[in-house]
Structure formats: structure tokens, C-alpha cells
Amino acid sequence: FKGEKMGDTIAAIATPQGEGGIGIVRISGDDSLNIMKKILRPCPAEVKPRYAYYGNIVNPENENVIDEAICLYMKAPHSYTCEDVVEIQAHGGIVSIRLILRTVLDCGARMAEPGEFTKLAFLNGRMDLAQAEAVIDVIKAKSEMPLQIAERQLKGRLGTEISEIRESLRDVLAQMAVNIDFPDEDIEQVESQRFCEDLSKVKEKVQNLLDTCDNGRIAKEGIRVAIVGKPNVGKSSLMNALLGENRAIVTNIPGTTRDTIEESATIHGLPLVLTDTAGIRETDDVIEQMGIQKSHEEMEAADLVVLVLDGSKALSPEDVKILNQNKGQRVLVVLNKNDLGEAVSQDEVKDILPEAEIVQTSLLRLNGADAVTHRIQEMFLEGIQNMQERNIVTSERHRDALNRGMESIVDGMNLLEMGESIEICELQVHNAYEALGEIIGETAGDEILDTVFSKFCLGK
Ligand code: GDP
Ligand code: ZN
């Protein structure tokens, strides 16, 4: 975090940069109120916290008016950063809001780093690190499901669960310390047994959280759906039908390579990332082969493979091959073109892929597209909705810390069972305690903080 110094007064534009009804400049730090007094006309000598003051923002050097504004003062520690905060709400014009920021900086504030306001909130103990991360997740949520999960994390529920787990570990550590300081061979055996039991309970709790990771990733980033099949079977038609009513508000991924197109959609609040892969077939053409290679990779990385077949023609050897390639995958088979006939039976598909879900469609007439969305929803939504009452781990960083915590707990238990000294096991328990602490930021070093807050936008 370059340039950061506690005690500085920082400022940034808090609203998106562009034309808008209102634009906000946020100031945080000891000098915030002084700066407000320097640039707001009229401004009372005594500014009350949480009152709205209307006036003009001026350049104090020449009293030139920049824009009308409403100023709010939030007194420390009752503000987002726990410091004195002033928000200047002016017209949301690109020039006016930048000029106001310029003036604030001229009055002694320093330009805030991305995420610095939230970092202050974290450093001043207003939120734990997982809550700070939830702030970005809320801002970046592209549909309702990830928003709900982030809101829960923002309330601190995940942090509370982690803290409770760490408390159990701390109890074990404290009792281990007694054993180490006052060794007693007679009871060590008994104690080891008890530590193992305690750790086994902790292990279960960590495992419960780890179990939510897969669905957590899906709920946050979207179900990765690879649409595959031979050329001409109706992949693009399916893609368009799925996007038709469900196209995500933001189609964020332009990733249009030669052979795959990525698009975002939302079904019932659940984000979907769809890729239409190159037609899979045998070829000598090198470039085409690269495309095919790519679609194989996509099939493997996908949460769901939607395999489109021309259901009006008997299965070709190529179809059979593609079906076989998807053994072990979660597959939804779409038997398309059933307006032209039904040459492929569901049983034929089941013979090769017993676990596959099957839907018949006639996408030319948009028949069956609903059934496809419905089926996808059934396949995924339930698992995620069942977790709504609990904390869901959506962050790769959290998963990594949980995994390391888990490893240390398991190692510690193994050592105890092997009759190793409690001193050696204590080290593992301590490692687990530290690893879990990274999630809430208790044991997070500068490097972790830098990575977390660099993902923020300016002004947050
Ligand atoms: P892709 O090559 O797999 O992406 O297939 P397309 O979606 O581009 O479709 C190939 C051709 O099949 C197009 O001419 C579509 O209009 C046609 N097609 C797609 N779905 C159907 C269907 O359900 N019935 C019929 N009769 N034609 C379809
Ligand atoms: Zn296509």
C-alpha cells in the first residue's frame, strides 16, 4: 500500500465517473472538517455531525464558485472509516466533480488509494477482512444470488464462524501449553486423547465450510456451461435462446476468440457463463484443431456440459465419441431438431451416459429452451439454496486458508495418535490457528492486505 500513512486526510470521488444526477467526493481524516469549512459557502462555525449543509463549493483562493453542493459531516468514530468523514454531494458532471476533488486536494488532502477507505475501516476495527472483501463482492455482484451471499458476509457472519472455530483452537492451545510447561507423563496419554477429540470437532467445522466452496464459487462467478456438439446441430441457436430472456445486465466478458464465445446470463438470480465451443469433429486443419483443443479444455473446466445433438438423425460415430468423452462430467443432453423427427431415443443416450439429463427441443421454433433453463436450474439451484441458511465460502483466498488450516489440524491429530510429544503437535495447532486468522485478517500480513484492497475501485 504505497503512500499510505495513518493520520493523513484522504479524498476521492466515490461515485462512478461519468454524467449522473449526483457525484460525491469523500474525504476522511482529521482535516476533513477544516477542508469543508474552507470551501463551503456559507458554512456555520459549528458544523453538526449528520446534518446536511447546502451551499456553494468555492475555490478558496479566489472565491470562484465551482458548483452547488450538500455537505455531510460524520464525526469519528461514527463513520465508514471510523475517522472524521465529509461527503460533498454535487452535480454529477465529470468536470465539476473533478474540480471539487482538485480543490479538496489543494486544501491539503491526499488522493486516496483504491480501497483505502475500506482499508481504514478494517484497520480501525470497524470490520474484519472477510467483511471488507464482502464490500467488493457487493459492488461487483452481477445477479441476486451472489449479492445475497455477499450481504451475509458483509454482516460478519463468516467472520463470527471463523472466530468461534479459532476460539476452540485457542482453548486446545492453552491446555497444551499447560502440559508443556508442567509435563506429567501419567496424564499425557489421557490428555493426548482429549486433544484429538477436540481437534476432531474443529476439523468437522472446517470441513463444513470447505464443503460450501464449490457451490460458493458457482454462486459467485456463475455456472460455467460449455455448449458442445458437432457443427450445425443448433449450439448457437441454443445459446441465443438461453440469452434471449436471461442475458445478464452486464455482459462483462468480451472473450471472443476465433472458436469460442463467452456470454453471461442469469436464471433466477443465479449467474451463468455460457461458452459456445467450436464444433467438435475430427480434422486435419491445424487452426481448427486448436479450436477443438480449446473446446476440450472448456468441457473439462465446465461445471456443466450441454451436449447438443441433432435428434432427427441417428447417432453418428462422432456423436458417440463426444458422448463418451463426457463420462464423469455433469451433462445435459439436448436432442434438438425434433420437429424433423425423433431418430435418437433417450435410452440410447442413457446407455452411454447413464447419469445424463436429457431434454428434447426444437430450437428453430424456440420450443424447449425453457425446459433447458429449467433443468439447469434444478441441477444447481437446489444445492445452493439449501445452503442459504449458512455461511458460504466464495473466496479462493478463504478456501486456501481453510485448506491450510485443515492440513495442519489433520497433521496435528496424526502426530498425537502416533504418540508424538504435545510440543510438536502444538506447533500444528498453532499453524491452523494462524491460517484461519488470515481469513478475518487477524494474522494477515501486508502482502495479503495489499492483494485484497488492490481489487477495490478508487473511492471505496
Ligand atoms: P451450430 O453450428 O451447432 O451452432 O448450429 P446453429 O445453431 O447455427 O444451427 C444450424 C442450423 O440448424 C441453422 O440453420 C438453424 O436454423 C438450424 N436449426 C437449429 N435448431 C433447429 C431445430 O430445432 N429445427 C430445425 N429444423 N432446424 C434447426
Ligand atoms: Zn454455432
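Bear in mind that the values in this text are calculations on the coordinates, not laboratory data. This structure is a prediction, so every number in the text was calculated from the model and none was measured. Don't worry about glycine lacking a Cβ; one is built from the backbone with ideal geometry, like all the others, and counts go over all protein chains shown.
Tabulated data for the structure shown
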| read-out | value |
| --- | --- |
| Additional length obtainable on full extension of the chain from GLU378 to ALA52, 0.36 nm per residue less Cα span | 112.4 nm |
| Candidate lysines for bridging to LYS235, where Cα separation is under 27 Å - those fewer than 8 sequence places away on the same chain excluded | LYS142, LYS220, LYS294, LYS313, LYS321, LYS327, LYS337, LYS350 |
| Using a Förster distance of 51 Å, the FRET efficiency for ASN403-GLU318 (Cβ separation, nearest 0.05) | 0.80 |
| Mean separation of Cα contacts under 8 Å (6+ apart) over length of the chain, as relative contact order % | 17 percent |
| Residues of type lysines that LYS119 reaches as a straight line, Cα spacing below 16 Å, ignoring anything fewer than 8 places off in the same chain | LYS2, LYS5, LYS455, LYS460 |
| Karplus 3J(HN,Hα) series, Hz, for segment 152-161 with 6.51 cos²θ - 1.76 cosθ + 1.60 (x for Gly, Pro) | 5, 5, 5, 6, x, 5, 5, x, 5, 4 |
| Label zone at ASN240 (point 7 Å along Cα-to-Cβ), backbone N below 11 Å, segment 347-367 | 364-366 |
| Cut-off under 5 Å, modelled amide H: who pairs with GLY20 long-range | GLY92, GLY93 |
| Scattering profile of the chain at q = 0.07, 0.09, 0.10, 0.13 Å⁻¹ [log10 I(q)/I(0), Debye over alpha-carbon scatterers] | -0.55, -0.81, -0.92, -1.10 |
| Protection proxy ranking of 9-22, 312-325 - average other beta-carbon atoms within 10 Å, highest first | 9-22, 312-325 |
| Neighbour net charge for TYR73 - beta-carbon separation under 11 angstrom, K R +1, D E -1 | +1 |
| Positive-pole candidate from VAL58, THR81, ILE136, dipole of the chain, charges at beta carbon | VAL58 |
| Inter-probe distance in nm under a simple model that places probes 7 Å from Cα toward Cβ, at SER421 and ASP211 | 3.8 nm |
| Under the Karplus curve 6.51 cos²θ - 1.76 cosθ + 1.60, θ = phi - 60°, whole-Hz ³J(HN,Hα) for segment 393-407, x wherever Gly or Pro sits | 8, 10, 9, 4, 4, 5, 4, 4, 5, 4, 4, 5, x, 4, 4 |
| Partners for LYS37 among aspartates and glutamates (Cα-Cα distance below 15 Å; same-chain residues under 8 apart left out) | GLU46, GLU61, GLU63, GLU68, ASP84, GLU87, ASP106 |
| Cut-off under 5 Å, modelled amide H: who pairs with ARG224 long-range | VAL273, ASP303, LEU304 |
| Whole-Hz couplings from phi, Karplus 6.51/-1.76/1.60, listed for segment 358-375; x for Gly and Pro | 10, 10, 9, 9, 9, 5, 4, 9, 6, 7, x, 4, 4, 4, 5, 4, 4, 5 |
| Nitroxide proxy distance, nm - points 7 Å out along Cα→Cβ at ASN64 and ALA45 | 3.1 nm |
